[in-house]
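Participant: Here it is: the structure, laid out below.
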Amino acid sequence: MDFKQATATWWDAITSGFGRQDGLELDVLGLVLVIGVPLVVTLTPAIWRFFGLFVTFIHELGHAFAALMTGRVVKGISLNFDHSGQMNSFGRVGFSATWAGFWGYPAPGVLGLVLATSAVFGWAPLALSVGALILLVALIFIRNFAGAVIAVITAIAAQLVVVFLPLEWISVFVAALGTALTIGSLKDLVKVIRVHTRRRHVQQSDAYILAQGSALPAGAWLTLFALVIIVCALATARVLYTAVSVGAV
């Protein structure tokens, strides 16, 4: 297969996702794949070392999308192998900067809810296709070597999933990815709270940075992070529960 054929195959796989399929129904095997596997991925340190990089990528994309929503110009995104990252943008100070600064930690939880909901209600192929395209576009914002490695590998993996994942497994995959991102968001919430309680590297925390540019203290921002993330986690659990088949429980 030459490059032209490969591109055509990829585009056909992308566009075929712009439709709806049957909603997700979870039997025992489905529960293991959608809940059990994400728990292993997020709670096993050796695996989290790699998957956590993807969660950080989503964190920074959350900042970027929030910045674009208010008319700010995104200058670039940097990612590091220690699960840290930074999104740089410029625009008016005040609400737009605060809005962009807030939607980092909640982003994986929000996306997790969106993916789980898409899977349950039959829009998993669309979510997968749109996600793959967004990850490709995101490459233009990367500004450092580690970020390029993480972003390119993530984008390639997304395209391979779109092209090669059988249609009948797409809903399961999207739901599992949503669950993993939800758990990852909770893990990062615990991590940033520990940073503040231990007062180590607190100056790098989003809550600290937001507090410096607003009237709210860092604790209030942490509370708002927690509120959004926990609501998303509970909503994700509720959505997945509605997909459980009677015979599975």
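The values are calculated or read from the model by the stated rules, or taken from the named source; none is laboratory data. Predicted, not measured: the structure shown is a model, and the values here were computed from it. All Cβ positions, even for glycine, are placed from backbone atoms using ideal geometry, and neighbour counts span all protein chains on display. We work out accessible area using only protein heavy atoms, side chains counted, and drop any ligands, DNA or RNA first. Shrake-Rupley method; radii C 1.70, N 1.55, O 1.52, S 1.80 Å.
Participant: What residue among A180, A207, A237 has the largest mean-square fluctuation in a Gaussian network model of the chain, using Cα springs under 10 Å?
Facilitator: Comparing A180, A207, A237 in a Gaussian network model of the chain, the most mobile one is A237.
Participant: Which far-off residues, 5 or more places away or on another chain, put their amide H under 5 Å from the one on N144, with H placed in the peptide plane?
Facilitator: L79
Participant: Using a 1.4 angstrom probe with every protein chain in place, what is the largest-first accessible-area order of D12, D22?
Facilitator: Putting D12, D22 in descending order of accessible area: D22, D12.
Participant: Another question about this same structure. Order the following by accessible area, largest value first: I153, I229. Probe radius 1.4 Å; ligands, DNA and RNA are ignored.
Facilitator: Accessible-area ranking of I153, I229, largest first: I153, I229.
Participant: With 5 Å bins from zero, work out the P(r) of segment 110-249 over every alpha carbon pair and list the percent per bin.
Facilitator: All Cα pairs considered, the percentages come to 2, 9, 14, 15, 16, 17, 13, 8, 4, 2, 0.
Participant: What relative contact order, as a whole-number percentage, does the chain give when Cα pairs under 8 Å and 6 or more residues apart are counted?
Facilitator: Dividing the mean separation by the residue count of the chain yields 29 percent.
Participant: Let me ask another. Show the residues, 5+ positions off or on another chain, whose built amide H is closer than 5 Å to the amide H of S89.
Facilitator: Correct list: K75.
Participant: Rounded, prolate or oblate: which one fits segment 84-126, using the alpha carbon gyration tensor with axes a ≥ b ≥ c (rounded when a/c is under 1.5, else prolate when a/b beats b/c, else oblate)?
Facilitator: Prolate is the answer for segment 84-126, as a/c is 1.5 or above and a/b outweighs b/c.
Participant: In addition: Name the longest site-free stretch of the chain, where the excluded sites are trypsin sites (Lys or Arg not before Pro) in a DSSP loop with no more than 13 other beta-carbon atoms within 10 Å.
Facilitator: Values: sites that count: R20, R92, R199, R200.
Here the longest segment lacking exposed loop sites spans 93-198.
Participant: To continue, here is another question. For the chain, report the accessible area per residue in Å² (1.4 Å probe, heavy atoms, rounded to an integer).
Facilitator: 53 Å²
Participant: Once you order the gyration tensor axes a ≥ b ≥ c over the Cα atoms, which shape class does the chain get: rounded for a/c under 1.5, otherwise prolate or oblate by comparing a/b with b/c? Can you show the working numbers first?
Facilitator: Values: a/c = 1.89, a/b = 1.32, b/c = 1.43.
Note, shape of the chain comes out oblate.
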